[in-house]
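Report on the structure given below.
The values are calculated or read from the model by the stated rules, or taken from the named source; none is laboratory data. Remember, predicted model here, so these are calculated numbers, not experimental data. Quick reminder, even Gly has a Cβ in these numbers, built from the backbone with ideal geometry, and neighbours come from all protein chains shown.
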């Protein structure tokens, strides 16, 4: 794989993460526990859609084949997406969705910090814009985790179970493959081992404040970064891509 191909593949991974998380968050509209959280969730989903659009557009420019952001989002098949498995998991109850958000954004924040310093100007500029949004998202989800964990016995038990269930998907964030290695080498990309240490520190601090416990070390699920997805992903894509697949090139 050439350096240009590596850059395109890495950019698409970032875009897929943002899009799939946004789609899961959109499913929660009208399902949040209070009006303020409803508005926050909708705005955060829009933030991620905006990031996905910038990243898909950048990938299209790098590729040079005329593919638009809509084509990347709506006209690719399941195996062509490279998002993390954590992000495609069903929303479940509020604690499940919150923990997914918290664990990913604690990682994504440090990833964006590293990407600002990468040698690709396009990615660097996108990361600099996105990090302002993700800092707020991360603070918001951390506050909710503390609120639930240090709340009632019922809320603590529920959110602890959410944390235990989601933990097995976190290892994939730090499992580098050929694309991660090549991007770090050729474009001064993120060091996933260093980010893992920062992520673990931040997560442990918030989990402790929430009077929760970190799950035990365990076998980690992976494959999303290579296009191998869970049984839930096909249903997500079917709903997300329905209109464009049914009416190709439809416009408003």
Exception for residue 82 within (1) assigned to a loop (DSSP other than H, G, I, E, B); (2) closer than 16 Å to residue 20 by Cβ; (3) modelled with pLDDT under 95 falls at (3)
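Report those helices (runs of 4 or more DSSP H) wholly inside segment 135-252 carrying at least 2 residues which are closer than 16 Å to residue 98 by Cα. Spell out how you get there, then give the answer.
Working: elements: 153-166, 178-187, 192-209, 233-246.
Per the criteria, 153-166, 192-209.
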Residue 43 meets each of (1) buried (at least 17 other Cβ atoms within 10 Å of the Cβ); (2) within 17 Å of the chain's Cα centre (by Cα) with one exception, condition (1)
Going through 163, 212 one at a time, which residue ends up being within 17 Å of the chain's Cα centre (by Cα) and either free of Cβ contacts under 8 Å to residues at least 40 places away in the same chain or surrounded by 19 or more Cβ atoms within 10 Å (Cβ to Cβ) (or both)?
163
Any residue at all in segment 180-197 that is within 26 Å of residue 211 (Cα to Cα) and crowded, with 16+ Cβ neighbours inside 10 Å?
yes
Unique match (being under 25 Å from residue 20 (Cα atoms), under 20 Å from the mean Cα position of the chain (by Cα) and modelled with pLDDT under 95) among 247, 174, 183, 235
235
